[in-house]
Amino acid sequence: MVNVVVVQNDPVFGNVSGNLEAVSRMLSERQVPRPDLIVLSELFASGYQFVSVSEVKELSEKVSGPDAGPTGSFMKNLSRETKGLVVGGFPCQKDGRVTNAAAVFKNGELLTVYDKVHLFDAENRWFSPGEGPLCLVDTDFGPMGVMICFDWLFPEVARSLALSGALLIAHPANWVLPFGPSGMILRSVENRIFTLTANRVGTESRGGLSPLTYIGQSQVVAPSGEVLARAPRETAAILEVSFDPARARNKTVASESDAFRQRRPALYHL
Ligand code: ACM
């Protein structure tokens, strides 16, 4: 069994230290002191609604090394404290560009950084898209995929990760569209995997852009589509769930139906 914690926070744009403190306070209420995995939301400490490239650059961070920023240091320390995995989103400085990224730390070590491949809406103005590869991490409990928010709408991402062996997908998000939670149930069902989405709540209305209201409903979904836990729409919350990731090795849908063996890739081209 793995013990996972999904954090649904309510960040204030640009108040990185205040937002990290708030997440720390939320996590201090967890029941399991050493969860195997903590999933934090997309851009969980910076906030989401940027209004200029210079603002993105100003809030972007390096995730490791001597000039690592506060968000990377926070995740590193948290993973050292829990001796487990921590996945969370941040604006990542990369060779003069900024990507909308998620870092994966384990027990104080950076394992990898994934750059969001499918940028949503105004993100295309501020961030450089990730160029891959998709993110599959070997963990003590089996392969884990990582994708970020809008990546969910492209079923190829979760499918590719699942076909590569992912038993679960950690999914930092800042959902604003209403169909994210039900969409992710489908990603679980069609791939017979666990999905863990950490969304946020609150509204941002900045720089003349249309206001964004984040829809909460962070969730953990089983391979059967059962929602094991779901957070409220409007308030910050943590979810604590235990499950056996090995269940995702079984791709059976019905006694004579198998979600993977029955695929017909030769027909999947127009
Ligand atoms: C999103 O990709 N943050 C909607």
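Read-outs throughout are calculated quantities, based only on the coordinates presented, and are distinct from any laboratory measurement. None of these values were measured; they are calculated from a predicted model. Virtual Cβ from ideal backbone geometry, glycine too; neighbours counted across all protein chains shown.
A few notes on this one:
- For the stretch 235-260, the set of residues classified as in a loop (DSSP other than H, G, I, E, B) and in contact with a Ser or Thr (Cβ under 9 Å, 6 or more places away or on another chain) consists of Ala259 only.
- Condition check for Leu37: away from the ligand (no atom under 16 Å from the Cβ), surrounded by 24 or more Cβ atoms within 10 Å (Cβ to Cβ) and either over 15 Å from the mean Cα position of the chain (by Cα) or touching a residue at least 40 places away in the same chain (Cβ under 8 Å) (or both): yes
- Selection over the stretch 92-104 of residues that are part of a strand (DSSP E or B) and either away from the ligand (no atom under 16 Å from the Cβ) or within 13 Å of the chain's Cα centre (by Cα) (or both) gives a count of 8.
- Among the residues of the stretch 174-184, those that are closer than 25 Å to Arg249 by Cα and under 15 Å from the mean Cα position of the chain (by Cα) comprise Gly180, Pro181, Gly183, Met184.
- Failed criterion for Gly89 (all others in (1) buried (at least 24 other Cβ atoms within 10 Å of the Cβ); (2) within 16 Å of the ligand (Cβ to nearest atom); (3) farther than 26 Å from Ala248 by Cα; (4) not basic (Lys, Arg) hold): (3)
- Hits in the stretch 72-93 (condition: under 23 Å from Asp151 (Cβ atoms) and in contact with a Lys or Arg (Cβ under 9 Å, 6 or more places away or on another chain)): Gly72, Ser79, Leu85, Val86, Gly89, Pro91, Cys92, Gln93
- Residue in the stretch 14-28 that is of a type in the set (Lys, Arg), touching a residue at least 12 places away in the same chain (Cβ under 8 Å) and either assigned to a helix (DSSP H, G or I) or at negative phi (or both) present: no
- For the stretch 105-126, the set of residues classified as surrounded by 24 or more Cβ atoms within 10 Å (Cβ to Cβ) and either assigned to a strand (DSSP E or B) or aromatic (Phe, Trp, Tyr) (or both) consists of Phe105, Tyr114, listed by residue number.
- Looking only at the stretch 130-174, and only at residues there that are of a type in the set (D, E, K, R) and touching a residue at least 12 places away in the same chain (Cβ under 8 Å), the one that is nearest to the ligand (Cβ to nearest atom): Asp151
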